[in-house]
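For reference, the structure is listed below as structure tokens.
Read-outs: derived from the displayed coordinates by stated rules, not from any lab. Treat the numbers as computed from the prediction; the structure is a model and nothing was measured. Ideal geometry is used to build each Cβ from the backbone, glycine not excepted, and the neighbour counts take in all protein chains shown.
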Amino acid sequence: MSTTPERAFLVEDRCEVGPDGPHLLASRCERCDRYAFPARQVCPRCKLRSMSPVRLGQRGTLYSFTVCHVAPEGWKAPYLQAYIQLPEGLRIFSLISNSIEPAGESLRVGMSMELVVEPVHPESEVLTFKYRPREEDA
């Protein structure tokens, strides 16, 4: 994982950053081909211990989103959360990049999204994965 010690991930083993950018860390069943995120040892479909680690792609499609107007302690509202549909068949719940205006007009269901790594919130030193609209859709 290419993060510096002072910039640790919020949840380890969910994301890594390599020379080709960030990837989510998942697993895929060798028997039935089902993907799981976060990674698991037992397949959620066929219930066998047949899961192998995989890196998921960096792109997806915005499935749905919401503008959150109430924030946990230490955060500032509003901010965006979304479900991202991945080509591997998974639907990932994620924060949306801090660079995107937290307003309903900023996103459009069906738009192409890309994976990024950035602070959990603007004042944080802790990193997490997020998604943002791809440049051609922004």
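Using the Cα coordinates of the stretch 15-137, the gyration tensor eigenvalues translate into equivalent-ellipsoid semi-axes of 28, 16, 14 Å, sorted from longest to shortest. Think of each Lys and Arg Cβ as +1 and each Asp and Glu Cβ as -1; about the Cα centre, that makes the dipole of the stretch 15-137 roughly 860 debye.
Taking the fewest neighbouring Cβ atoms within 10 Å as the starting point, the ordered list for 105, 73 is 73, 105.
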